[in-house]
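Enquirer: Got a structure here, written out as structure tokens. Questions coming.
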Amino acid sequence: MGRSKGWAAERTGRAPMLSPGRPQINQRPAKRAFWQCIAEGSQSEDAARACGVSQPLGTRWFREAGGMPPMTLAPPSGRYLSFPEREEVALLRAQQCGVREIARRLGRSPSTISRELRRNAATRGGTLQYRATVAQWKAERAAQRPKLAKLAQNNRLQAYVQERLAGAVADGSGKRIAGPNVPWKGRRHGRRADRRWGNSWSPEQISRRLPLDFPEDASMRVSHEAIYQALYVQGRGALRRELAACLRTGRALRVPRARTRQRGKQFITPELMISERPPEVSDRAVPGHWEGDLIIGLNSSAIGTLVERTTRFTMLLHLPPMVGHAAGARVKNGPALAGHGAQAVREAIAEKIATLPDHLGKSLTWDQGAEMAQHAQLRIETGLAIYFCDPRSPWQRGSNENTNGLLRQYFPKGTDMNRYGETVVSGSFNASRPQSQC
């Protein structure tokens, strides 16, 4: 004679849970250790090896979470039973120990143990048997608070966001061309095309445009962070993940700041580091201190950017291919002729600084790229005090990084920078108050 319908819910006091299969071994401590290693800058393979799981599993955790930790990295508070405690409960229960005896040995309330034995017991065999792995799985499932994403609930809002993320491009005759159809390839974006993403909107532009297009409709509101999560996190079910290739960075996953290992350059000495920079540069009170970097394009093309820290005044550096580029076989260990080598960058910066008054050419902060290998000669020619950021620390040049991100709207990845002449690239503008795209 079988059990009556609903007997499990009556005995356990909880609605029946549909099992996805055999409960796995508790992985929360391993996942917390994995994401802690990711936050410290480790690769997913190295982080998986450090926390004792297979490398493919660590890669899958990183990909499914979109590069963002799905849990808090703080240690457990101890309010709820842990997996080791549930193992101890299962062992003591197998030894026919009573509820109060188990509670006494674990230092818990008897009501906590009684509720645990009743609500998280295994019911598949037709009886209430307590197993630690099943109890841990049930507790984690019950603790979940699934919330449907706003973009998944509102079809109208979802269509609005997807259309502008794809950025329908119009040709010379005004005919609209469909947005990019990029296959999803996991951690890497698809093959990029020249200027195909020039009209794609950024998530922040979309978020700020919604109140202007729908001033009376409060349902047509979404934050840029919600759009990013809908793109990067699997299981959100709102936006097509291949649209991540339409972003200015083109990243298929979010990358932590300290992702790569620290490596310095031999031509940089300690007295040139950003820690030795005068305090007046950080205050942004005195103009004349600049930040610089390169925007790399297709076929080894590049454009240089110089941003003044106080006014955000920006100058672009024209870096055409040098004489001898792509002529004959490449000389091993020869000079960089692509246009963004050390000599080309030094000459372009010196030419730009020479057009400024003396009081506006005080210092220049750059990253540790090889294009600044001739910084000593540049200092002699221009009188600039040159400083370098710490390895893999682009946020130390925040003004320049933000400006380069805005410029990627007009020079997206996959664009051949050599197609622009000197009159176009050598312009300047003020990026202190960027306007949203309309």
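Enquirer: Which peptide among 64-72, 225-233, 202-210 comes first, and what is the full order, when sorted by highest mean count of other Cβ atoms within 10 Å?
Expert: 225-233, 202-210, 64-72
Enquirer: What is the gain in length, in nm to one decimal, between Leu148 and Tyr410 on full extension, counting 0.36 nm per residue of separation less the C-alpha to C-alpha distance?
Expert: Gain on stretching Leu148 to Tyr410: 90.8 nm.
Enquirer: Bins of 5 Å, beginning at zero and ending with the bin holding the largest distance: percent of Cα pairs per bin for region 53-112, please.
Expert: 4, 15, 18, 14, 9, 12, 9, 12, 6, 0
Enquirer: Grab the Cα-Cα distance for Arg124 and Ser109, subtract it from 0.36 nm times how many residues apart they are, and report the gain in nm with one decimal.
Expert: 2.6 nm
Enquirer: Roughly speaking, what is the stretch gain from Glu422 to Met68, that is 0.36 nm per residue apart minus the C-alpha to C-alpha distance, in nm to one decimal?
Expert: Separation in residues times 0.36 nm, less the Cα-Cα distance, equals 123.3 nm.
Enquirer: When ranked by the protection proxy of mean other Cβ atoms within 10 Å per residue, highest first, what sequence do the peptides 362-372, 83-93, 51-61 form?
Expert: Going by the mean number of other Cβ atoms within 10 Å, highest first, we get 362-372, 83-93, 51-61.
Enquirer: Based on the Cβ-Cβ distance of Met322 and Leu91, what FRET efficiency does E = 1/(1 + (r/R0)^6) give at R0 = 60 Å, to the nearest 0.05?
Expert: Computed FRET efficiency for Met322 and Leu91: 0.20.
Enquirer: Sorted by accessible area with a 1.4 angstrom probe, largest first, how do Trp395, Trp201 fall?
Expert: Sorted by accessible area, descending: Trp395, Trp201.
Enquirer: What FRET efficiency comes out for Ser393 versus Ile296 if R0 is 22 angstrom and r is the Cβ-Cβ distance? Round to the nearest 0.05.
Expert: 0.70
Enquirer: What ranking, highest mean first, results for peptides 146-159, 296-309 when packing means the other Cβ atoms within 10 Å averaged over each residue?
Expert: 296-309, 146-159
The values are calculated or read from the model by the stated rules, or taken from the named source; none is laboratory data. Here the structure is a predicted model, which means the values were calculated and not measured. Backbone-built Cβ (ideal geometry, glycine too); neighbour counts: all protein chains shown. What goes into the accessible areas is simple: the full protein's heavy atoms, side chains included, and nothing from ligands, DNA or RNA. Shrake-Rupley method; radii C 1.70, N 1.55, O 1.52, S 1.80 Å.
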